[in-house]
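The structure under discussion appears below in the form of C-alpha cells.
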Amino acid sequence: MKAASHTARILISAVLTLLGLLLATFLIARVVPIDPALAILGDRASASSYEQTRKELGLDRPLYVQFGRYVASVARGDFGRSALTKNPVAQDIGRFFPATIELATGATLIGALLGVPAGLYAAARRGKVTDHVMRALGLFGYSVPVFWLGMMALVLFYADLGWVAGPGRIDTALEDFVPHVTGFIMIDAALSGDGEAFRSALSHLVLPALVLGYFSFAYISRMTRSFMLQELGQEYIVAARAKGLGERRVLWVHAFRNVRLPLITVIALAYAGLLEGSVLTETVFSWPGIGQYITNSLLSIDMNAVLGGTLVIGVMFIAVNLIADLLYRVLDPRAR
Amino acid sequence: MAKQIDDIVSLDPAEAYELSGAEVIGNVYSRLIDYDAAAPSKLKPDLAISWKVDADGKTFTFVMRDNARFETGKPATSADAVFSLQRAVMLDKAPAVILNAIGLTKDNVAAAVTAPDAHTVQIKLPKSLAPSFVYFCLTGVSASVVDKETVLSHQQGNDMGLQWLETHWAGTGPYRLVIWRPNEYYAFEANSKYWGPKPATRRIIVRQVKDASTQRLMLERGDVDYARNLDKDQLAALAKNPSIKFDKGIKSAITYLGLNQKNQYLAKPEVVEALKYLVDYDAIANAILGATATVHQSFEPVGFLGAISDQPYKFDPAKAKELLAKVGLAGGFNITMDVRNATPEPEIGQTLQAGFAQGGVKVELVPGDGKQVLTKYRARHHDIFLGEWEPDYPDPHSNAEGFIVNPDNRDNSTMKTPAWRNAWSDPAMMKAVADALVERDDKKRAAMYEKIQRDFMVHAPYVMLFEQVEVAAHRANVHGLTIGVTSEFDRYAGIAKQ
C-alpha cells in the first residue's frame, strides 16, 4: 500500500513536472522578441503569405488556446510537424536522439569507469601527490571550455596524428549504406554485418565521447572524492582499521558501500545532463544530436520541434531519476 | 563538401527561399532560361532554346527543347513549365514574390501563363515591363520546372504536391537529388536523363558542418574536398598550404547601414552624409573581412545591369564634423545600432562605433540574435541597423525596389522594403525606379540605373559598405565549383577530381 502510494506520488509529480516544463518552454518562446511566421517565411514573403502562415501556426488565436491545443495534440502523441525539417517532430527525434544517447552513454561510461576509482584513490591518498594530480585533472576538466577542448582534441588526434576519424557519425562515403533499424549507428552496422561501417562509426565516436567523458570524469571523480572523504572520517572506518582490516577492504567494502548511493544520483545527473547539454560538443564534432536539433529549432522559433525535443529530454530526465530512485531502493534497505 | 546547410527548410522550388536551399534547387532543376555565371547581365538557354517578346512588350514566348526528360522518362513539355509557374504563384510561398514582381498573381496566372502547343510557353503580362527584367525574374528558383504528373500524383488536399516536394525531387537539372537529411547532409547523383553535358563528378555529398574550424580540419585532412564557410583568418592560414586552392566568386549580398528617418538626428541629410564620412571602409575590409568582402558603396551588386563601382566616400572625420556643425550638432549625439551577434557583425559594429566616435557620434551597440534584430528592424524600432541585403533575382530592379520603393510610409503598410523600414520615401527617386522598370532598351535602362545609384549615394539614408566575396577552399586535386552572384547560381556540374 505504502509502495503504491509512493509510486502514485512519483507519477503525479512527473506529470506535473512535464506540464510545467511545457508551459515554461511555451511561454519563453512566446516572449522572445522574434516573429515565428517571419522566422519560417524569411524576410521577403508577401503580406498575404505572411498572414496565411500566422493563421496556419494558430498565432491569431489567444495564447491559452494555442497552449491548450498543443497539450491536447501531445496527449494524442502528436508533436506536430517541424517547420525546419518538414518531418513529423517524432520522426526527427527518432533520428537525432539515438545519436545523442550513443554519445552520452559512451561519455558516461568513460566518466564513471575512470572517475569513480580516481576519486576513491585520491580520497585514500588525501594530500599526497596522486590526490593533487587527480584534483588538478578534475579542476581542469571543470574549468576548460568544452568547445576548446573538443577542437584541440580534433587538431591533435584527428588532424595531426590521424588516430581517430573526424567529425560526423560515420565516414561520408558510407553515409546511407547502413540500414536504419534502431537509429544507433553502431548497433545498426553490427546488425547488418557491415564491419567497415561499424569500425568507422566506432572511430567517429571515440573522440567526442572521450572529450565529453572527460567532463563527466571531472565531475564524478570530484564528487566521489568528497563522498569518500566524508565516509573515511566516520567512526566505523576508524573501528574497521583498528580491527586490523586491510586498507583495500576498508575502502571498497566498507566506505564505498555507503558512497554508492549518492554516487548513483551523481552519475544519473551527469548522464541526464549530457543528454541535453552536449550541444557544443555536437557542434564541434558535427554530431547530429538532439542538442543541435533543439538549438537550431529554437533559433528558428520552430516551436513544435523545440517543445517536442524539450519534452523528450524532460521525460528522459524523469526516467533517469526514477531509475536512480529504484536503484536506491534495491541497494539501501532503509529506502524500501 | 563541408558546408553550413542547416538553413534549408524546403527543397520545393515554390517554397525554398534560403541560401542553401536555393543552391540545391539551382543544381537539380532547370528553368526556361538561365543566366551566364561569367556575365550576370547575360542570359543563356536552359529548357527554352529561344525566346522573344512581342511589340506590345507584354507577351513573352518561349520555345522549349524537345530532348529534356524527367526521371520517369516523360519529356519535359510546356505543360510542365506552365504548371510550375502557375503552381509557384498559387501556393504563394516566399519565392512567389519574384513572379508577383512581373505582374503574375493568383487571380491572373491561369490566363496569363499558357501552353499554345507542347513546346511553346506564352506569358501575357498585365502591363508592359522591361524585357530584361522579366527574363531575369524567370531565372530565379521559383521558375524551376517540375514534373507536373509526378508532383500531382503526390498531392494531399489542395497542396499541389507541396508536402511531398519539400523533401523530394522532380526536375531535369544536371544532378538528381538522392537524399536530403535535414541538418545532416544531402547527396546528388549525376542525372542520367539530363539533356546537356554530363557533370564531371558522378556523386556529390554535401555535409552539414556548422563549425568553420572543423570544416578547415576536415579539408586539410582530405575528408572533404571543399570547405565553404571559412572565415578570413582560416583562409589566410590555408593560403600557405600547397595542397589547398580556392574558388572565388563575388556574391550579391550587400552589407549596409539603414538609418531610420524617424530618428530626429538621422532625419537630417547632413547627418546622413556625415556618417558616410565616419566609416573607415578600408580598415574594416582589411582587418575584419579580408578576402571575404570588398568595399562597395553602390546598392547594385557588381555585374548587374547598370551596376557602378564608384566610391565617393572615404574616412574623413574633419569633413564629417563640419557637416554636423552645420546642423548644430558639433558636440555630436547619442544613437543605438542593432547588430547580429554573429561574426563578423559585432567586429564591424565595434569598428564603426570607434569611427563614429571621432565625429562625436556616440554609438551604443545593441547585439541580438539574427531573427530578433530583423523583427525589430521590420517594426521600425531601430535607430541604425547593420545588416545584409540580397537581391531576389539578378536584375537591378530587385535592389532598386528594396532600397527605394516605399509608396506607403504609414506604420501599417504591407510593403516592408528596407526603404519603408527606414521610413524613407522619396517620390522623385521612386519615379526614376518606376521608369527604369519599363524601359525596353537595355542600354538606356542601364544608364537609368547608373543615375539612380549616383543620386542614391547622395540622398538616401543608407551607408552602403561592402559586397560579399565567397571563397570556397578546396583540395588542389579538385576544382570547378562555379560561385554565382546569388546562391541558385552556385553550380556543381563543373566540379572535377583528378
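The values are calculated or read from the model by the stated rules, or taken from the named source; none is laboratory data. In this text, all values refer to a predicted model and were calculated from it rather than measured experimentally. Neighbour counts are summed over all protein chains in view; Cβ atoms, including those assigned to glycine, are modelled from backbone coordinates with ideal geometry.
Of the residues A:SER221, A:SER226, A:SER216, the single one that is among the polar types (S, T, N, Q), under 21 Å from A:PHE97 (Cα atoms) and assigned by TED's automatic domain parsing to the domain that holds A:ALA118 is A:SER216. Please enumerate the residues belonging to the stretch A:121-144 that are in contact (Cβ under 8 Å) with a residue 60 or more places away in the chain and either outside the structural domain of A:ALA189 (by TED's automatic domain parsing) or out of contact with any Lys or Arg (no Cβ under 6 Å at 6 or more places or on another chain) (or both). Residues satisfying the conditions are A:ALA124, A:ARG126, A:MET134, A:ARG135, A:LEU137, A:LEU139, A:PHE140, A:GLY141, A:TYR142.
List pairs: first in the stretch B:9-22 and more than 11 Å from chain A (Cβ to nearest Cβ) and within 16 Å of B:ALA170 (Cβ to Cβ), second among the hydrophobic types (A, V, I, L, M, F, W, C) and in a loop (DSSP other than H, G, I, E, B), Cβ under 7 Å, 6+ apart or cross-chain? Matching pairs, first to second residue: B:PRO13/B:VAL146. Counting only helices (runs of 4 or more DSSP H) that sit wholly inside the stretch A:233-335, those with at least 2 residues that are touching a residue at least 40 places away in the same chain (Cβ under 8 Å) and surrounded by 19 or more Cβ atoms within 10 Å (Cβ to Cβ) are A:256-277, A:279-284, A:290-299, A:303-331. The residues of the stretch B:126-156 that are in a loop (DSSP other than H, G, I, E, B), among the hydrophobic types (A, V, I, L, M, F, W, C) and buried (at least 23 other Cβ atoms within 10 Å of the Cβ), listed by number, are B:ALA130, B:LEU138, B:VAL145, B:VAL146. Only residues that are out of contact with any Cys (no Cβ under 8 Å at 6 or more places or on another chain) and closer than 14 Å to B:ALA79 by Cα were counted in the stretch B:139-159, giving 9. Only residues that are within 13 Å of chain A (Cβ to nearest Cβ) and either touching a residue at least 60 places away in the same chain (Cβ under 8 Å) or basic (Lys, Arg) (or both) were counted across the stretch B:352-372, and they come to 1. Screening the stretch A:53-82 for residues that are at pLDDT below 80 and within 13 Å of chain B (Cβ to nearest Cβ) and picking the one that is farthest from B:ASP7 (Cα to Cα) gives A:GLU56.
Every test in (1) in contact with a helix residue (DSSP H, G or I) (Cβ under 9 Å, 6 or more places away or on another chain); (2) within 12 Å of another protein chain (Cβ to nearest Cβ); (3) free of Cβ contacts under 8 Å to residues at least 24 places away in the same chain; (4) farther than 18 Å from B:PHE70 by Cβ is passed by B:GLN156 save one, and that test is (2).
Among all residues of the stretch B:126-145, there is none that is of a type in the set (Ser, Thr, Tyr), touching a helix residue (DSSP H, G or I) at 6+ places or on another chain (Cβ under 9 Å) and farther than 29 Å from B:LEU305 by Cα. Residues in the stretch B:1-26 that are part of a strand (DSSP E or B) and surrounded by fewer than 24 Cβ atoms within 10 Å (Cβ to Cβ): B:LYS3 only. When A:GLN292 is tested against (1) within 14 Å of chain B (Cβ to nearest Cβ); (2) more than 23 Å from A:VAL155 (Cα to Cα), exactly one condition is not met: (2). Aromatic (Phe, Trp, Tyr) and closer than 30 Å to A:ARG169 by Cβ: does that describe A:TYR236? Judged against the criteria, A:TYR236 is not a match.
Looking only at residues in the stretch B:27-52 that are at pLDDT below 80 and not in a strand (DSSP E or B), the one that is surrounded by the fewest Cβ atoms within 10 Å (Cβ to Cβ) is B:ALA38.
Scanning the stretch B:75-123 for residues that are in a helix (DSSP H, G or I) and among the basic types (Lys, Arg) gives a single hit, B:ARG87. Of the residues making up the stretch B:114-147, those that are among the aliphatic types (A, V, I, L, M) and over 19 Å from B:ILE49 (Cβ atoms) are B:LEU125, B:LEU129, B:ALA130, B:VAL141, B:VAL146. Listed here are the helices (runs of 4 or more DSSP H) enclosed by the stretch B:392-498 that have at least 2 residues being surrounded by fewer than 18 Cβ atoms within 10 Å (Cβ to Cβ): B:427-438, B:442-459.
One line per residue, one yes/no per condition, for (1) modelled with pLDDT of 90 or more; (2) at the interface with chain A (Cβ under 9 Å from one of its Cβ atoms):
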| site | (1), (2) |
| --- | --- |
| B:LEU374 | no, yes |
| B:ARG380 | yes, no |
| B:ASP383 | yes, no |
| B:PRO394 | no, no |
| B:SER398 | yes, no |
| B:ARG410 | yes, no |
| B:ALA419 | yes, no |
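Checked against (1) out of contact with any Pro (no Cβ under 9 Å at 6 or more places or on another chain); (2) within 14 Å of chain B (Cβ to nearest Cβ), A:GLU282 meets all criteria but (1). Among the residues that make up the stretch B:302-312, is at least one of them assigned to a loop (DSSP other than H, G, I, E, B), touching a helix residue (DSSP H, G or I) at 6+ places or on another chain (Cβ under 7 Å) and among the hydroxyl-bearing types (Ser, Thr, Tyr)? No, because not a single residue in the stretch B:302-312 is assigned to a loop (DSSP other than H, G, I, E, B), touching a helix residue (DSSP H, G or I) at 6+ places or on another chain (Cβ under 7 Å) and among the hydroxyl-bearing types (Ser, Thr, Tyr).
Which one of B:LYS106, B:LYS93, B:LYS74, B:LYS44 is over 26 Å from the mean Cα position of the chain (by Cα), on the phi < 0 side of the Ramachandran plot and in the same structural domain as B:CYS137 (by TED's automatic domain parsing)? First the steps, then the outcome.
Details: B:LYS106 fails: over 26 Å from the mean Cα position of the chain (by Cα); B:LYS93 fails: over 26 Å from the mean Cα position of the chain (by Cα); B:LYS44 fails: over 26 Å from the mean Cα position of the chain (by Cα).
Only one candidate passes the filter, namely B:LYS74.
Screening the candidates B:ILE49, B:ILE25, B:ILE33 for the property of being more than 14 Å from chain A (Cβ to nearest Cβ), of a type in the set (Val, Ile, Thr) and free of Cβ contacts under 8 Å to residues at least 60 places away in the same chain yields one hit, B:ILE49.
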